[in-house]
Amino acid sequence: MNNFQQNLNGSLYPLCALIAFLALIYKLRILRTDRSVVQVALVGNFFFLVLTYTVSTPVVWTATSHAVGIVNFSGLFTQSCVILQVACQQLVLLHLSHEPGVAWRKAVPRLSAIAVILVAMVALFSLASGVGEQSANFAVTHAQYYPAYLSVYLLGYGANQIDMLFLGWQHAKVAPTPWLRRGLLMISLAVPFGLVYALCRIADIVAGQLGSNGQAWEPVAPIAVAISAVIRVTGWTLPDWGPHLSRIWQRIEFQRAYWELRPLHRTVTAQVPAPVLHLERGTDLRTRLYRLIVEIRDAQWALRVWMDPSVAERARRDPSTTGLSETDLAAVIEAAQLASALQAKAHGKRPPAHVASPRAADPPDLAAELAFQRKLAHAFRKSPLHHAADIPDMTTPAPTQESR
């Protein structure tokens with residue numbers, strides 16, 4: 001079991017140290033322009049996290065203790081770094097949730113308690129230093145022979161987990177940006193893994209008092225705490241790099257919308273080419289998508305005189321439209337009207353009466369208009385009238401300015 005634990009720690013902890021180091025470098029870059037308490041405390045959090053997992057690596061653990069000349073010094077050092085992370089995380093969450101004056105006032109008792117815990121840990125560690133070097137089983141060994149030391153450490157760690165859960169969840173409800181809210185929720189979701197680690201250590205203490213040890217569940221502790229660390233690093237940095245994901249996703253969505261609307265645009269402008277404007281090669285995607293939206297609507301209005309009012313009524317009464325939402329039904333109605341108008345225009349058969357408006361929905365803004373037109377394009381592709389009509393195929397290229 002000792003070799004297995006050694007290998008497990010030797011694999012997990014360097015990976016966690018690397019992830020934390022990358023986050024630290026990223027935050028140091030931000031610190032050049034933003035030296036707020038939140039950013040400074042986050043740098044401190046990642047700094048202590050790097051130290052924790054670097055020194056927790058078995059090879060580094062042994063070398064550090066030997067260099068200092070104190071048996072298991074690495075245990076005290078890494079667990080003290082964990083408590084210092086607690087202090088940094090408390091400062092971050094308090095300053096995110098409150099004005100600076102209020103945040104510092106709430107931080108003082110927490111930081112004072114953390115200082116007391118650190119002093120108590122050092123004092124109790126001095127009584128436990130003779131157990132022998134334990135690079136893989138430090139917590140298990142100390143839980144058995146020196147439960148007071150580990151109890152004080154777990155008191156500080158466990159209290160922070162609960163505080164992080166409430167503070168993170170509370171501020172996530174009022175976070176000013178979506179990515180900050182998501183980051184805080186991730187931090188809160190990491191708490192259960194931290195509590196699993198704490199429960200393993202509490203079980204170590206109980207087992208030690210019963211003359212046993214926690215070797216049976218020991219592998220669970222490093223795995224749980226490593227998962228917690230990775231989730232938290234992600235959560236703490238998410239507000240910084242998350243917006244880049246939003247921009248990438250927005251571009252993907254714009255491209256998908258463009259591909260969805262383009263066939264409908266080609267079909268309607270094949271018979272109503274007047275609204276189409278020539279765009280230079282290399283025109284940005286947003287502009288091209290905007291022109292599709294406008295030109296589809298302009299062509300729709302131009303086709304109004306070919307739209308028979310009875311088509312909309314038949315679409316409303318069609319059994320296939322039963323249960324559709326108001327927006328989806330409007331898209332089906334407009335698709336039917338468009339298909340019938342294109343068919344009528346292709347055959348030169350204008351209806352005796354036409355609709356007053358080709359619109360069955362009135363989206364309030366451009367984003368809603370885009371969403372509705374995507375529904376319209378989907379409904380048009382599935383419209384029986386479109387498939388039965390003798391109108392240009394949807395893959396027919398739209399006419400250019402030169403061909404008109």
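Just one of the numbered conditions (1) surrounded by fewer than 19 Cβ atoms within 10 Å (Cβ to Cβ); (2) part of a helix (DSSP H, G or I) is not true of Trp61: (1). Check segment 69-83 and report whether any residue there is crowded, with 19+ Cβ neighbours inside 10 Å, at pLDDT below 80 and within 21 Å of Pro219 (Cβ to Cβ). Yes, segment 69-83 contains a residue that is crowded, with 19+ Cβ neighbours inside 10 Å, at pLDDT below 80 and within 21 Å of Pro219 (Cβ to Cβ).
Of all the residues in segment 314-368, those that are touching a residue at least 40 places away in the same chain (Cβ under 8 Å), within 20 Å of His265 (Cβ to Cβ) and in a helix (DSSP H, G or I) number 14.
Candidates Val40, Val59, Val71, Val82: the one that is without any contact (Cβ under 8 Å) to a residue 40 or more places away in the chain and of a type in the set (A, V, I, L, M) is Val40.
At pLDDT 85 or above, hydrophobic (A, V, I, L, M, F, W, C) and farther than 26 Å from Asn160 by Cα: which single residue out of Val40, Val55, Val50, Val60 fits that description?
Val60
Val71 meets the conditions (1) touching a Gly at 6+ places or on another chain (Cβ under 9 Å); (2) part of a helix (DSSP H, G or I) in every case but one. The failed one is (2).
Taking the conditions (1) closer than 23 Å to Leu124 by Cβ; (2) assigned to a helix (DSSP H, G or I) in turn, Tyr53 satisfies each one other than (1).
The values are calculated or read from the model by the stated rules, or taken from the named source; none is laboratory data. Worth saying up front: this structure is predicted, and the values here are computed from it rather than measured. Every residue, glycine among them, receives a Cβ derived from its backbone with ideal geometry; neighbour counts consider all protein chains shown.
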